[in-house]
2 protein chains.
Amino acid sequence: MSTNQRESRRTFLKTAALAALTARARAQSKPPNIVLIYADDLGYGDLSCYGSNIATPNLDRMAADGIRLTHFYSASSVCSPSRAALLTGRYPSRVGVPRVLDPEDPGGLPDSETTMAQMLKRAGYATMCVGKWHLGAKPGFLPTARGFDSYFGIPYSNDMHPRVLMRNTEVIEQPAQLETLTQRYTQESVDFINRSKNGPFFLYLPHTFPHIPLAASPEFMGKSGEGVYGDVVQELDWSVGRILQALKDAGVDDNTLVMFSSDNGPWYQGSPGRLRGRKGDTYEGGFREPFIARFPGWIPAGQVSQSMATTLDILPTVARLTGAALPEKPLDGVDIWPMLTGQQQEVSRDVFLYFNDAYLQAARFGQWKLHVARYNVPMFTPEPARGRRNLPLRPELYNVVQDPEESYDRSDRNGAIIADIRARVDRLIKTFPEDIVNIYNDSMRRKVVYTPPDALPVEDAP
Amino acid sequence: MSTNQRESRRTFLKTAALAALTARARAQSKPPNIVLIYADDLGYGDLSCYGSNIATPNLDRMAADGIRLTHFYSASSVCSPSRAALLTGRYPSRVGVPRVLDPEDPGGLPDSETTMAQMLKRAGYATMCVGKWHLGAKPGFLPTARGFDSYFGIPYSNDMHPRVLMRNTEVIEQPAQLETLTQRYTQESVDFINRSKNGPFFLYLPHTFPHIPLAASPEFMGKSGEGVYGDVVQELDWSVGRILQALKDAGVDDNTLVMFSSDNGPWYQGSPGRLRGRKGDTYEGGFREPFIARFPGWIPAGQVSQSMATTLDILPTVARLTGAALPEKPLDGVDIWPMLTGQQQEVSRDVFLYFNDAYLQAARFGQWKLHVARYNVPMFTPEPARGRRNLPLRPELYNVVQDPEESYDRSDRNGAIIADIRARVDRLIKTFPEDIVNIYNDSMRRKVVYTPPDALPVEDAP
C-alpha cells in the first residue's frame with residue numbers, strides 16, 4: 001500500500017467510525033455489553049497474530065475483526081497487582097496491592113477502591129466473574145463482595161494451596177481439577193451470556209492458564225505441536241471462539257465490546273517475542289502484552305496500532321462507552337475509545353510507571369523508557385557472591401520502539417529526555433501514598449550511578 | 001533463489017572448495033597463519049549480519065567473504081571457562097576452570113593442559129596474545145607462560161581491580177586507560193602481523209570490550225546511534241577491518257585463517273537476538289555466539305550455515321589445518337574444517353553440554369536441547385522469599401532450531417528423545433573429573449520433577 005493509499009484508508013476508517021458512532025448514538029439506547037477476557041502469564045509473543053508458532057485462529061480472527069495493539073501494557077508484571085490496576089484504573093501501589101497476595105493473606109483489594117464491576121453494577125449491569133480472582137481470598141474480598149453478582153473459579157493462582165474451586169463464596173471442589181477448567185470456565189461464561197442477553201452485562205473472564213501447573217482437556221493435549229503450553233494456549237483460543245459464537249447466538253454480538261489481554265509476561269514457559277525480560281521484570285517482556293478488542297460497527301476491522309495503551313485505560317474507556325459514572329478517586333488511565341475507533345491515532349497521556357512491588361523502577365514517555373533505579377530488581381547475577389551482585393549502573397534509557405529488546409542504553413547523549421521523564425515521574429509520584437513516595441525518594445538518594453573512566457567524553461550526562 | 005539454484009550453488013561451492021584444497025595442498029608448503037579475534041560479552045544479535053541495528057560493515061564483509069554460523073556455541077556463558085575451553089578444546093569443568101577467576105586467585109588454567117598457543121609454538125609458530133587473558137593473573141599462569149611469545153593487555157575483566165595493563169609479565173599502566181584500549185590492542189596486533197609476516201604466526205586477540213565498563217575512543221563515541229555499547233561494538237568492527245587490511249598489506253591475506261567470535265552472551269547491555277537468556281544462563285542467549293571465519297581460496301565466500309559448531313572445535317580444526325600435533329589429552333571438540341570449506345554440511349559430533357559452573361544443566365543433540373536439571377540455575381524469581389523461589393519443574397526439552405527462544409517445552413511427547421540424550425550425557429559425563437560426576441549424579445538423584453495433576457494424560461513421561 002502506498003502512503004497515499006494508507007492515508008485514504010485512514011481517512012476512510014475515521015469517517016466510517018465517526019459515522020458509525022453518530023448513527024449508533026442516535027439509534028442506540030441500550031448500553032453495550034462488556035466482555036473482558038484475561039489470560040494469566042501469557043507472553044507478548046504467544047499468539048500467532050503476535051508471531052507465535054502456536055496457531056490461535058480465533059484470536060487472530062478477533063484481531064482481524066477489530067484492533068490489535070503492539071504497545072499495550074499491564075500495570076504490573078505479576079498477578080495480583082495487575083488485576084488490581086485492571087479493575088480500578090489505578091496503579092497497584094496506589095490502591096494498596098503492590099505484590100502478589102497469598103491465599104492466607106487476611107486482606108485484598110481495599111474496600112475503599114471501586115472496581116469496574118461495582119461501577120457497572122451501579123449503572124444497571126448484570127456482572128459475573130469467571131476464573132482467577134487473586135484480589136483477596138477471605139470473605140469480604142471475594143468477587144461477590146466487589147461488584148460481581150456471581151463468581152465461579154479458583155480464587156488465586158493454580159500453584160497455590162489449597163487449590164479450591166469456588167462458586168460465589170462456597171468451595172465446591174478441592175483439589176480443583178485443572179484439566180477441565182478452561183472448558184468449565186467457558187461453559188459458565190456462555191451460560192451467563194445466555195441468561196443475561198437482555199443485558200446489559202459485564203463478563204470478566206480471567207483464565208487460570210497458561211499459569212503453571214499447565215493442564216488442558218484431552219482433546220487439546222498434544223495437538224498444538226508446541227508442547228503442553230501450546231496446547232493450553234490453543235484451548236484458551238478455542239474458548240475465545242466459543243464465547244464470540246455465544247454472543248452471536250444470543251443476538252448480542254453487535255452490541256458487545258470484547259477485549260482480550262493478559263496480566264503479565266511469560267514465566268517459565270511462553271514467549272515474550274523480541275522483548276527483553278519475563279514475568280516479574282520491569283523490562284518490556286514483563287509488562288507488554290497482547291491486546292485485542294472487537295466491537296463490530298464501532299471498532300473498524302483490521303487495525304494494528306503501535307500507539308500506547310495500558311490496562312489502566314480500560315476502566316475509563318468502559319465508563320465512557322457505557323455511560324457509567326466514574327469512581328470518585330482520581331484515575332491513572334485515560335479513555336482510549338478515540339484510539340480504538342480510529343478517530344485519533346494517539347491519546348494524550350502522562351508518563352507510564354513500571355513498578356516492581358512498591359519500588360518504582362522505570363517510566364515510559366513517548367518512545368523512551370527510563371530505568372530510573374536498579375533498587376531491588378531481580379536481575380541476572382553472573383557469579384554467586386564475590387560482592388559483585390549489584391553492579392552499580394547509571395540510569396538506562398531505551399528507545400523501546402526502535403529497540404524493543406532494551407539492548408542499547410541511550411542515556412549517553414539524551415540528558416534532556418532523561419530530565420524531562422524524571423520531572424514527570426517526580427510530579428506523578430507525589431500523588432502516591434507516603435510509603436511509595438518515601439521508597440522512591442530513598443532510591444533516588446542512593447543514586448546508583450556508574451561513573452565512567454575519567455577521560456571518557458560523556459555529553460549531557462544525567 | 002530457487003531450490004534448484006540453491007542446490008547447484010551448493011554443488012559448485014563444494015567442488016570449488018575441493019579444487020582449491022587440492023590445488024593448495026599441492027602448491028602450498030607454508031603453514032597458514034591463524035588470527036583468532038574474540039569479543040567479550042558480545043551478544044548473538046549484536047552485529048548487523050546477525051540482525052543488529054549497530055552497523056558493523058567490516059564484520060559483515062568478513063562474513064560475506066567467508067562463512068557465518070548461526071548455531072555456534074561457546075562452551076560456557078562466562079569469561080574464564082569459555083576461554084579455557086577455547087584454548088584447550090576441552091570442557092572448562094574438565095580442565096579445572098569451571099568459574100570466573102579473580103585477580104587474586106593463586107591459580108589459573110592448570111599447567112597439565114596444553115593451550116592452542118603451546119600446540120602451535122611447538123609447530124614453529126610465532127605467537128602473541130593481545131587483550132583480556134583471564135586464565136590466571138599470577139606468574140606461571142600468564143600468557144607468556146602458556147605458549148605465547150608475547151602478551152599485551154588487561155589480564156582479566158575491566159571491572160576487576162586493580163585495573164592494570166601489562167606487557168608480557170610487567171604492569172605498564174595502572175589504572176589502564178580504557179578509552180584508547182581497542183586502538184592500542186589493534187596497533188599491537190598490526191605490529192605483530194608485520195613483524196611475523198614471514199610466518200607462520202598465531203595472533204590471539206581477546207578484546208576487553210564490550211564487557212562493562214564501556215569505553216571507546218573519541219572518534220567512535222556517539223557515532224553508532226545505539227548508545228555507548230553500539231559505539232564500542234563499532235570500534236571493535238573497525239579493529240577487525242584494520243587487521244584484515246594489515247594482513248593484505250603484509251601480503252599474507254590469502255594464507256591466513258581469520259576467525260571472530262565472543263566468549264558468552266550479553267550482560268547488562270547488548271542483544272541476544274531472539275534467543276532466551278543472557279550471560280550466565282544456560283539458555284541459548286548465554287551460549288550461542290556469532291562466529292565468522294574467512295580464508296580466501298579455502299573457505300568459499302557467502303556461506304551462512306545453520307550447522308552446529310562450538311569453541312571446542314577450534315583447536316582440533318586449527319591442528320588439522322596447520323599440521324600441528326594435537327595435545328595428548330582427549331579433546332571434546334571435533335574438526336569442523338570440512339564444514340567451513342563446504343565439503344560437508346554437518347560434522348558428526350557427540351552431545352554438547354551446557355555447564356553452569358560445575359553443574360551440568362543442559363545438553364544439545366541434533367535439534368533438541370534437554371534441560372536436565374535446575375540445580376543452581378540463576379533463574380528469575382517472581383517474588384522474594386515466600387518459599388517459591390525454586391519451583392520444581394520436570395526436565396524441559398526444546399527444539400532450538402524451531403524454537404530458539406526456548407518458549408515451548410516439548411518434553412510431554414518425546415520420551416525417546418529425552419532418554420537418548422540422557423544416555424549420551426550419562427556416558428560422556430563419566431569421563432569427567434570425579435567432583436563433576438558426583439555433582440551430576442547428585443542433581444539427578446534430587447529429581448526435580450514437576451508432577452502434573454493426576455488426571456492429566458501424559459504420554460512418554462520421562
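The values are calculated or read from the model by the stated rules, or taken from the named source; none is laboratory data. In this text, all values refer to a predicted model and were calculated from it rather than measured experimentally. So basically every Cβ, Gly included, is an ideal-geometry build from the backbone, and we count neighbours across all protein chains shown. Ligands, DNA and RNA are excluded from the accessible area calculation, which covers all protein heavy atoms including side chains. Shrake-Rupley method; radii C 1.70, N 1.55, O 1.52, S 1.80 Å.
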| request: State whether one or more residues within region A:348-356 are closer than 29 Å to A:Asp435 by Cα and within 14 Å of chain B (Cβ to nearest Cβ). | output: yes
Taking region A:406-431 and the residues there that are in contact (Cβ under 8 Å) with a residue 24 or more places away in the chain, out of contact with any strand residue (DSSP E or B) (no Cβ under 9 Å at 6 or more places or on another chain) and open to solvent by 50 Å² or more (accessible area, probe 1.4 Å), the one that is nearest to the other protein chains (Cβ to nearest Cβ) would be A:Arg413
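Out of everything in region A:271-283 that is on the phi < 0 side of the Ramachandran plot and in contact with a Phe, Trp or Tyr (Cβ under 8 Å, 6 or more places away or on another chain), what residue ends up being farthest from the other protein chains (Cβ to nearest Cβ)? Spell out how you get there, then give the answer.
Going residue by residue through region A:271-283, those that are on the phi < 0 side of the Ramachandran plot are A:271-272, A:274-276, A:278-279, A:281-283.
Filter again for in contact with a Phe, Trp or Tyr (Cβ under 8 Å, 6 or more places away or on another chain), leaving A:271-272, A:275-276, A:278-279, A:281-282.
On the way: A:Ser271: 4, A:Pro272: 8, A:Leu275: 11, A:Arg276: 8, A:Arg278: 6, A:Lys279: 6, A:Asp281: 7, A:Thr282: 12 Å.
By that ranking, first place goes to A:Thr282.
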The lone condition A:Gly277 fails out of (1) within 20 Å of the chain's Cα centre (by Cα); (2) modelled with pLDDT of 95 or more is (2)
A:Leu178 vs (1) under 25 Å from A:Pro330 (Cβ atoms); (2) touching a Pro at 6+ places or on another chain (Cβ under 7 Å): all pass except (1)
Of the residues in region B:59-104 that are open to solvent by 30 Å² or more (accessible area, probe 1.4 Å) and more than 13 Å from every other protein chain (Cβ to nearest Cβ), the one that is nearest to B:Pro143 (Cα to Cα) is B:Gly96
Checked region A:205-226 for anything more than 7 Å from every other protein chain (Cβ to nearest Cβ) and closer than 29 Å to A:Ile34 by Cα; matches are A:Leu205, A:Pro206, A:His207, A:Thr208, A:Phe209, A:Pro210, A:His211, A:Ile212, A:Leu214, A:Ala216, A:Ser217, A:Phe220
Turns out the strands (runs of 3 or more DSSP E) fully within region A:129-212 with at least 2 residues that are in contact (Cβ under 8 Å) with a residue 60 or more places away in the chain and either in contact with a Cys (Cβ under 7 Å, 6 or more places away or on another chain) or open to solvent by less than 50 Å² (accessible area, probe 1.4 Å) (or both) are A:201-206
*Would you say B:Lys121 is touching a strand residue (DSSP E or B) at 6+ places or on another chain (Cβ under 6 Å), at pLDDT 95 or above, charged (D, E, K, R) and open to solvent by 10 Å² or more (accessible area, probe 1.4 Å)?*
yes
Check whether at least one residue in region A:227-241 is more than 7 Å from chain B (Cβ to nearest Cβ), touching a Leu at 6+ places or on another chain (Cβ under 9 Å), surrounded by fewer than 23 Cβ atoms within 10 Å (Cβ to Cβ) and of a type outside the set (Ser, Thr, Tyr), and report yes or no. yes
Practice task
Determine whether A:Leu247 is in contact (Cβ under 8 Å) with a residue 24 or more places away in the chain and either open to solvent by 10 Å² or more (accessible area, probe 1.4 Å) or in a helix (DSSP H, G or I) (or both).
Solution key: yes
Across (1) modelled with pLDDT of 90 or more; (2) in contact with a strand residue (DSSP E or B) (Cβ under 8 Å, 6 or more places away or on another chain); (3) more than 11 Å from every other protein chain (Cβ to nearest Cβ), A:Pro395 clears everything bar (1)
For region A:271-293, pairs from a residue that is under 14 Å from B:Arg276 (Cβ atoms) and in contact (Cβ under 8 Å) with a residue 24 or more places away in the chain to a residue that is among the aliphatic types (A, V, I, L, M) and assigned to a loop (DSSP other than H, G, I, E, B), with Cβ under 8 Å and 6 or more apart or across chains, are A:Lys279/A:Val78; A:Asp281/A:Val377; A:Tyr283/A:Leu275; A:Gly285/A:Leu275
Margin query: Whether any residue in region A:196-205 is modelled with pLDDT under 95 and among the small types (Gly, Ala, Ser) is what I want to check.
Written below: yes
Output for Cβ contacts, cut-off 7 Å, separation at least six or different chains, first residue within 16 Å of B:Pro316 (Cα to Cα) in region B:85-102, second of a type in the set (Lys, Arg), reads B:Arg90/B:Lys329
Those residues of region B:155-165 which are in contact with a strand residue (DSSP E or B) (Cβ under 6 Å, 6 or more places away or on another chain) and either at pLDDT below 95 or under 20 Å from B:Pro110 (Cα atoms) (or both) amount to B:Pro155
When you scan region A:250-264, do you find a residue that is over 23 Å from A:Leu87 (Cα atoms), in a helix (DSSP H, G or I) and either open to solvent by 10 Å² or more (accessible area, probe 1.4 Å) or within 14 Å of another protein chain (Cβ to nearest Cβ) (or both), even just one? yes
Original post:
Going by the structure shown, is A:Arg68 among the basic types (Lys, Arg) and either outside any loop (DSSP other than H, G, I, E, B) or in contact with a Ser or Thr (Cβ under 6 Å, 6 or more places away or on another chain) (or both)?
Top reply: yes
Touching an Asp or Glu at 6+ places or on another chain (Cβ under 6 Å), away from chain B (no Cβ under 12 Å), surrounded by 23 or more Cβ atoms within 10 Å (Cβ to Cβ) and not small (Gly, Ala, Ser) - does that describe any residue in region A:285-301?
-> yes
Determine whether B:Tyr408 is more than 30 Å from A:Pro81 (Cα to Cα) and modelled with pLDDT of 90 or more. no
